[in-house]
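Peer 1: Mind having a look at this structure? Questions to follow.
The values are calculated or read from the model by the stated rules, or taken from the named source; none is laboratory data. Just so you know, these numbers come straight off a predicted model, no measurement behind them. We place every Cβ from the backbone using ideal geometry, glycine too, and count neighbours over all the protein chains shown.
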Amino acid sequence: MDEQPDSTGPALDRRAELSEFLRTRRARLKPEDVGLPDFGRHRRVPGLRREELAQLAGVSVAYYTRLEQGNGRNVSAEVLDSIARALRLTDAEHAHLTHLAKPKHKKKQAARPQQVRVALQQLIDAMDAVPAYVVGRRAEVLAWNRMAAAVFGDWAELPPAERNWARMVFLKPEYRDLFVDWEQKAIDIVCALRMNAGCYPDDPRLSALVGELSVKSEEFRRLWATHDVKEKSHGVKHLRHPLVGELFLNFEGLKLADDGDQTLVTYHAEPGSASAEALRLLAAWGTDATRAGSQSPSTSPSPSPSA
């Protein structure tokens with residue numbers, strides 16, 4: 001299944017992104033967090049002052065101010081490392097800062113359609129007991145197998161542009177019912193989009209997606225404004241499926257060696273658990289489970305006695 005064309009929008013403003021990212025990271029730190037004295041004086045803004053951050057990073061206030069204003073031209077990797085340490089950035093945040101301050105030219109790559117190799121599609125089809133799909137850099141679902149459709153809904157029934165985790169989670173009510181911790185799922189999606197926006201600031205389709213969701217979802221706007229970034233490669237998802245009820249599934253996200261913008265995501269249940277039995281039932285239900293997976297619990301059909 002290949003990526004389908006969709007609407008495009010203006011590129012994200014890299015300088016504004018750099019400025020806001022640094023400002024929000026600085027605002028979350030207090031003097032006592034970094035070993036500085038707090039004399040109790042009134043602070044006009046939350047968090048560290050620019051001069052305090054510059055002191056911690058070992059750069060001049062003027063230099064740091066220029067960087068926080070979005071001027072990352074000619075900044076060295078060593079200075080970025082010092083600022084990252086002063087801001088207590090995670091590895092993902094450090095990488096995001098580097099992408100914003102010292103972008104690599106990826107405009108041609110951003111315009112290239114994402115395609116799933118035939119052999120990869122055959123592989124996930126062969127995983128007939130494991131829900132699996134391939135997700136792209138804009139949160140689009142590029143390929144999936146029958147079990148993924150049984151768990152998450154029949155994506156084949158959606159227009160290609162709507163086969164996107166960000167659009168589904170923020171704009172489709174049934175996914176609020178499916179994910180028990182919907183807020184965490186939403187946060188994970190926004191953080192991943194932020195990371196990719198830093199890598200591909202000139203990607204017009206990514207910009208269009210962000211613009212669309214900002215207009216249509218107040219929750220997306222709130223989460224996007226935090227400028228949080230992170231990479232989540234494994235964990236547990238708690239689902240409430242319309243046919244089999246609660247599922248606790250372990251997931252693994254594996255970036256493809258030949259295309260780091262594509263991630264193979266698989267789900268499995270603990271052997272012998274109620275969730276494992278539920279997955280077995282979904283596999284037996286086949287197309288009935290696939291159809292029900294895209295409906296809310298209140299409207300899903302009851303399984304036939306012969307299933």
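Peer 1: I'm told ARG194 meets every condition in (1) under 13 Å from the mean Cα position of the chain (by Cα); (2) modelled with pLDDT of 95 or more; (3) charged (D, E, K, R) except one. Can you identify the failing condition by its number?
Peer 2: Here ARG194 clears every test but (2).
Peer 1: I would also like to ask the following. Restricting to region 207-231, what's the tally of residues that are within 19 Å of ALA95 (Cβ to Cβ) and touching a Phe, Trp or Tyr at 6+ places or on another chain (Cβ under 6 Å)?
Peer 2: Adding up the residues that qualify gives 1.
Peer 1: Scanning region 253-304 for residues that are at pLDDT below 55 and in a helix (DSSP H, G or I), which turns out surrounded by the fewest Cβ atoms within 10 Å (Cβ to Cβ)?
Peer 2: So, considering only residues that are at pLDDT below 55 and in a helix (DSSP H, G or I), the one surrounded by the fewest Cβ atoms within 10 Å (Cβ to Cβ) is ALA292.
Peer 1: Among what's in region 105-126 and is of a type in the set (A, V, I, L, M) and surrounded by 16 or more Cβ atoms within 10 Å (Cβ to Cβ), pick the residue that is modelled with the lowest pLDDT. Even if it seems obvious, please write down each step before you answer.
Peer 2: If we filter region 105-126 for residues that are of a type in the set (A, V, I, L, M), which is where we start, we get 110-111, 116, 118-120, 123-124, 126.
Restricting the remaining residues to those that are surrounded by 16 or more Cβ atoms within 10 Å (Cβ to Cβ) gives 110, 116, 120, 124.
Values: ALA110: 51, VAL116: 92, LEU120: 95, ILE124: 96.
For region 105-126, the residue satisfying everything is ALA110.
Peer 1: Condition check: more than 22 Å from the chain's Cα centre (by Cα), in the same structural domain as PRO271 (by TED's automatic domain parsing) and among the aliphatic types (A, V, I, L, M). Does ALA77 satisfy that?
Peer 2: Judged against the criteria, ALA77 is not a match.
Peer 1: Given the residues VAL141, VAL79, VAL130, which is the only one that is closer than 23 Å to LYS230 by Cα, out of contact with any Lys or Arg (no Cβ under 8 Å at 6 or more places or on another chain) and β-branched (Val, Ile, Thr)? Walk me through it before giving the result.
Peer 2: Details: VAL141 fails: out of contact with any Lys or Arg (no Cβ under 8 Å at 6 or more places or on another chain); VAL130 fails: closer than 23 Å to LYS230 by Cα.
From the options VAL141, VAL79, VAL130, the qualifying one is VAL79.
Conditions (1) in the same structural domain as ASP228 (by TED's automatic domain parsing); (2) of a type in the set (Val, Ile, Thr); (3) modelled with pLDDT under 75; (4) under 26 Å from SER76 (Cβ atoms), marked per residue:
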| position | (1), (2), (3), (4) |
| --- | --- |
| ALA27 | no, no, no, yes |
| GLY35 | no, no, yes, yes |
| ARG44 | no, no, yes, no |
| GLY47 | no, no, no, yes |
| GLN55 | no, no, no, yes |
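To keep it simple, each residue is scored yes or no on (1) polar (S, T, N, Q); (2) under 12 Å from the mean Cα position of the chain (by Cα); (3) farther than 23 Å from ASP125 by Cα; (4) modelled with pLDDT of 95 or more.
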position	(1), (2), (3), (4)
GLN184	yes, yes, yes, yes
ILE187	no, yes, yes, yes
TYR200	no, no, yes, no
LYS216	no, no, yes, yes
LYS232	no, yes, yes, no
PRO242	no, no, yes, no
LEU247	no, no, no, yes
PHE251	no, no, no, yes
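Peer 1: Same structure again: Go through region 175-184 and count every residue that is closer than 20 Å to TRP155 by Cα, surrounded by fewer than 19 Cβ atoms within 10 Å (Cβ to Cβ) and not hydrophobic (A, V, I, L, M, F, W, C).
Peer 2: Adding up the residues that qualify gives 2.
Peer 1: Out of (1) in the same structural domain as VAL244 (by TED's automatic domain parsing); (2) in contact with a helix residue (DSSP H, G or I) (Cβ under 7 Å, 6 or more places away or on another chain); (3) touching a residue at least 60 places away in the same chain (Cβ under 8 Å), the odd one out for LYS185 is which?
Peer 2: Among (1) in the same structural domain as VAL244 (by TED's automatic domain parsing); (2) in contact with a helix residue (DSSP H, G or I) (Cβ under 7 Å, 6 or more places away or on another chain); (3) touching a residue at least 60 places away in the same chain (Cβ under 8 Å), LYS185 violates only (3).
Peer 1: Can you pull out every residue in region 189-217 that is of a type in the set (D, E, K, R), part of a helix (DSSP H, G or I) and surrounded by fewer than 19 Cβ atoms within 10 Å (Cβ to Cβ)?
Peer 2: LYS216
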